[in-house]
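Asks: Here you go, one structure.
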Amino acid sequence: MTSKKIVLMPKIALYEPDIPQNTAAIIRTCSCLGALIEIIEPCGFILNDKRFKRVVMDYMDDSKIKFYKNYNEFFEIKKNNKERIILMTTKASQSYSSFKFKTNDTILFGRESAGVPEKIHNSVNKRLKIPLIFKKRSLNLASSVAIVLAESLRQNKLI
């Protein structure tokens, strides 16, 4: 009897995304790098938005996208599956580059306009940041996802 080797991939979760072009770019990045994408609703746009469609092109693979109706459902499922949730936030003190990612981590990113509520900050396993120079406020969300996802994949020898 042969057994299939299961390769666990990191998951990128977006909390109530509100800019269609960023969400589309993130879906495209995840598609190209083999990561799963999870969207915690409500979204600030509809998925047939022309701005979304223009950027996502033909990279939207419904089998690699999971939607949660709200953050309570998201956290319940993650808890039941014993998955770590890593929040990327400008309010963290630890850099993503000094953290040891696991293959099945869920890396959570907040809304472009407001991040995540304090309740979510207090519910995650770890909070990390991308260090910026000269006290800049933040990177574009799609750029942040690409940086952290690439590091997670590199650490776990998945790319």
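The values are calculated or read from the model by the stated rules, or taken from the named source; none is laboratory data. Only a predicted model underlies this, so the values are computations on that prediction, with no experimental measurement involved. FYI the Cβ positions are ideal-geometry reconstructions off the backbone, even for glycines, and counts take in every protein chain you see. With ligands, DNA and RNA removed, areas are computed over all heavy atoms of the protein, side chains included. Shrake-Rupley method; radii C 1.70, N 1.55, O 1.52, S 1.80 Å.
Asks: Being open to solvent by 70 Å² or more (accessible area, probe 1.4 Å) and assigned to a loop (DSSP other than H, G, I, E, B) narrows it down to one residue among K66, K79, K100; which is it? Write out each step before concluding.
Replies: Working: K66 fails: assigned to a loop (DSSP other than H, G, I, E, B); K79 fails: assigned to a loop (DSSP other than H, G, I, E, B).
Being open to solvent by 70 Å² or more (accessible area, probe 1.4 Å) and assigned to a loop (DSSP other than H, G, I, E, B) holds for just one of K66, K79, K100, which is K100.
Asks: Residues of the stretch 26-46 being open to solvent by less than 30 Å² (accessible area, probe 1.4 Å) and among the aliphatic types (A, V, I, L, M), which ones?
Replies: I26, I27, A35, I37, I39, I40
Asks: Could I ask something else about it? With the structure loaded, tell me whether V116 is open to solvent by less than 60 Å² (accessible area, probe 1.4 Å), out of contact with any helix residue (DSSP H, G or I) (no Cβ under 6 Å at 6 or more places or on another chain), within 18 Å of P10 (Cβ to Cβ) and not acidic (D, E) or whether it fails that test.
Replies: The answer is no for V116.
Asks: Output the number of residues of the stretch 119-159 satisfying the condition of being hydroxyl-bearing (S, T, Y), within 19 Å of K11 (Cβ to Cβ) and in contact (Cβ under 8 Å) with a residue 24 or more places away in the chain.
Replies: 3
Asks: Answer with yes or no whether I39 is at pLDDT 90 or above, of a type in the set (V, I, T) and closer than 16 Å to G110 by Cα.
Replies: Values: at pLDDT 90 or above: yes; of a type in the set (V, I, T): yes; closer than 16 Å to G110 by Cα: yes.
Taking the combined requirement at face value, the residue satisfies it.
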